[in-house]
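Below is one structure, written out as structure tokens; the observations come after it.
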Amino acid sequence: MAPKRIIVPGNLPGGCTPIMLTLYASPRTSDYDHLGCLKKSNGLARYHNGLLRSQVQALRSKYPYTKIVFADYYQPILAFLRRPANFGFDNSTTLAACCGAGGKYNYNAVATCGFPGTTACADPSRAVSWDGVHLTESAYREIAGAWLHGPFAEPLIYSLVH
């Protein structure tokens, strides 16, 4: 018996995460896009998501009685970075971790959140990234809403249950 519903999440733009921005920092401004994200890392995520979408389409054809949703992580993160205030995020820290040990992106691989010397931002709900790797509750809440009601899932998850 085949499952009735499957949700397939794509990759987020890794080049916009504090961990990648710190570990793969470049002195060349041409390595970054207009949002301050690493172009190559994001190019890889876009490529992966394109292949994944095409495979989801193929699976939909092969299993027409199973509802298969592609849940996009990539576009919501870019929306947060383009217009942070629209989502309640702090414009000055969209690429930085809320909890970390300092530095440009508040991420240090040898002193991650929870280690001595790390601190959390005053209002985590205004941050996109919690610890440089994971998103904050508020970012996940925005993404979940966009997957349920639109526009970042195809078909919308809410449409599967109603």
Regarding residue 117, is this residue among the small types (Gly, Ala, Ser), surrounded by 15 or more Cβ atoms within 10 Å (Cβ to Cβ) and either in a loop (DSSP other than H, G, I, E, B) or touching an Asp or Glu at 6+ places or on another chain (Cβ under 6 Å) (or both)? no
Pairs please, first residue from segment 56-77 and at positive phi, second anywhere and small (Gly, Ala, Ser) and surrounded by 16 or more Cβ atoms within 10 Å (Cβ to Cβ), Cβ atoms under 7 Å, 6+ apart in sequence or on different chains. none
In this structure, is residue 56 farther than 18 Å from residue 16 by Cα, in contact with a Pro (Cβ under 8 Å, 6 or more places away or on another chain) and not in a loop (DSSP other than H, G, I, E, B)? no
Evaluate segment 81-92: report whether one residue or more is farther than 29 Å from residue 154 by Cβ and either at pLDDT 95 or above or surrounded by 16 or more Cβ atoms within 10 Å (Cβ to Cβ) (or both). yes
Search segment 15-32 for residues that are under 13 Å from residue 104 (Cα atoms) and pair each with any residue that is of a type in the set (Ser, Thr, Tyr) and outside any helix (DSSP H, G or I) when their beta-carbon atoms are under 7 Å apart and the residues are at least 6 apart or on different chains. 17/129; 18/105; 18/107; 18/129; 19/107; 21/105; 22/105; 22/107
Name every residue in segment 27-38 that is surrounded by 13 or more Cβ atoms within 10 Å (Cβ to Cβ) and either on the phi < 0 side of the Ramachandran plot or touching a strand residue (DSSP E or B) at 6+ places or on another chain (Cβ under 8 Å) (or both), in order of residue number. 31, 32, 33, 35, 37, 38
So for segment 121-129 (the condition being more than 19 Å from the chain's Cα centre (by Cα) and either at positive phi or buried (at least 16 other Cβ atoms within 10 Å of the Cβ) (or both)), does at least one residue qualify? yes
Could you list, in sequence order, all residues of segment 1-47 that are touching a Phe, Trp or Tyr at 6+ places or on another chain (Cβ under 9 Å), in a loop (DSSP other than H, G, I, E, B), of a type in the set (A, V, I, L, M, F, W, C) and modelled with pLDDT of 95 or more? 12, 25
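The values are calculated or read from the model by the stated rules, or taken from the named source; none is laboratory data. Bear in mind that the values here come from a model prediction, so they are computed numbers and not experimental data. Cβ: placed from backbone, ideal geometry, glycine included. Neighbour counts: every protein chain shown.
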